[in-house]
2 protein chains.
Amino acid sequence: MLGGMAWDTERTKRLLLDAAVDEFAAHGPEGARIDRIATAAGVNKERIYPYFGGKQQLFAAVVQRELEQLAAAVPLEEPDGGTVDLPEYAGRVFDYHLAHPHLLRLLQWEALCGDGSAPVAGEGRRAAHYAEKVAAVSRARRGSGGAGDAARGEVQLPPADLLYAVIALAGWQFAAPQLARMIIGGAVDADPAARRAAVVDMVRRLAL
Amino acid sequence: MLGGMAWDTERTKRLLLDAAVDEFAAHGPEGARIDRIATAAGVNKERIYPYFGGKQQLFAAVVQRELEQLAAAVPLEEPDGGTVDLPEYAGRVFDYHLAHPHLLRLLQWEALCGDGSAPVAGEGRRAAHYAEKVAAVSRARRGSGGAGDAARGEVQLPPADLLYAVIALAGWQFAAPQLARMIIGGAVDADPAARRAAVVDMVRRLAL
DNA sequence: GGGCATTCCAACCCGCCGGTTGGTGGCTTC
DNA sequence: GAAGCCACCAACCGGCGGGTTGGAATGCCC
């Protein structure tokens, strides 16, 4: 039609996926409406079925693509040459969630709708990804362990717990904004920089 | 009929609420089915409308009741005279989530289904409740602030941030079990005591 | 016994929504 | 031009599910 360029099936699929990300993130696999996705994409809804098979498969495709984009946007190795600043990393995780609120919502829908104990799609790859991050944290901390803290009788937190804390502290206020709003007083949207600074500060204290 | 005791409207309402908790926690306000709730309660579904008004109101009633139960079961102030042990409080929050997985799921559904910025049902009371907790934390810390930490140039974390951290650290592994499983290696179910200890330890470090 | 409220049962209405189908026209390839 | 795929449009189907209604049984109060 007005877009003119027919014959580009990849573009059609991409338009559908783009619209589906918004719709699924907003309403979840149950509440999402096929018609809304098609309308938002500027594509007829029937196109979904030859390309993806149905609503559930479209949701799976959306989650998969978002995870791939995450893996591409957040590389394992630090680009600046190997030094790992964990509090700053927490800040970047916060930034990512702030800029891409879809991902966490999709993961929450996945957690809520799926069986809690059953492995999710692509769990193997994703677990390996996190194991790599834990290893990176462990590597980075081995050198930076201050003797002063050791003198205080403190034992460092296990790297996995630390990574868990980073993700929880950075992510919780996006996952449960109504709680964060009621506790903090202002929403995340009110002053993102302050929230980011708080997360960075908390991780800094934990990483001692 | 078989229950015999008709005429006990409170009992009927309670039966409906009990069944609704399970149904809503499992499927959310959209995916929940009125018929399933009524059947599980052993009550006819029409009873819902005179008592609660509809599906959404029933969901709100369920959330409210569960929150009241949490507040009653996990007080912040020690009953033995007002001392506040924040790490231990985090541990008790963890215990509560472990024993009552419904609550956090309900809050997640609420967060996902509701408009992110619009106030949720009963937000005023709930916000006041959290403000009270923040005040208690603030009161408790004023005395315990170690001079040693001040000598190190450390400023204490704001009480609200601290309470936020407690709730986030204790709750995240129940809210996103698949992430926790992939990061930590074992699920929460595998070794709850270890996870609890980790949460308590992290809060202890933050509360310094 | 006569009102009145509560509950059960059993349909029923109606809108929504996932998915399908048939027809038309355009673009590409041969 | 003929064949074939791609996309649009429009209508349609069928089931599901929230919510409603009417009728009958039962217990409470006067």
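The values are calculated or read from the model by the stated rules, or taken from the named source; none is laboratory data. All of these numbers come straight from a predicted model, not from anything done at the bench. Backbone-built Cβ (ideal geometry, glycine too); neighbour counts: all protein chains shown. Keep in mind that these areas ignore ligands, DNA and RNA; they rest on the heavy atoms of the full protein, side chains included. Shrake-Rupley method; radii C 1.70, N 1.55, O 1.52, S 1.80 Å.
Subtracting the Cα-Cα distance of B:Ala26 and B:Arg125 from their residue separation scaled by 0.36 nm leaves 33.1 nm. Ligands, DNA and RNA aside, A:Leu103 has an accessible area near 10 Å² when probed at 1.4 Å. Take each residue of peptide B:104-115, count the partner chain Cβ atoms within 10 Å of its Cβ, and average: the result is 4. Label-to-label distance, A:Asp8 versus B:Arg65, with points set 7 angstrom from Cα along the beta-carbon direction: 5.5 nm. Counting only lysines at least 8 places from A:Lys13 when in the same chain, those with an alpha carbon closer than 23 Å to its own are A:Lys45, A:Lys55. Interface residues of region A:173-208, defined as those with an accessible-area decrease of at least 50 Å² between the chain by itself and the complete set of protein chains (probe 1.4 Å), are A:Gln178, A:Leu179, A:Arg181, A:Met182, A:Ile183, A:Met202, A:Arg205, A:Leu206. Estimated from the Cβ-Cβ distance and a Förster radius of 51 angstrom, the FRET efficiency linking A:Ala118 and B:Leu208 is about 0.80. Heavy-atom accessible area, probed at 1.4 angstrom with all protein chains present, ranks B:His102, B:His97 as B:His102, B:His97, highest first.
Across the identical copies, the 7 Å label point of A:Arg65, projected outward along Cα→Cβ, sits 4.3 nm from its counterparts, in ascending order.
Using the rule -39500 (n - 2.57) for each DSSP H run of four or more residues, divided by the residues of the protein assembly as shown, the 222 nm mean residue ellipticity is -23000 deg cm²/dmol. Using a cutoff of 8 angstrom between alpha carbon atoms and counting only pairs six or more residues apart, the relative contact order for chain B works out to 22 percent. In this view, the solvent-accessible surface of A:Ile167, computed with a 1.4 Å probe and all protein chains in place, comes to about 20 Å². Per the accessible-area calculation with a 1.4 Å probe, the total area buried between chain A and chain B rounds to 5000 Å². Solvent-accessible area per residue in region A:1-63 equals 57 Å², computed with a 1.4 angstrom probe and all protein chains kept.
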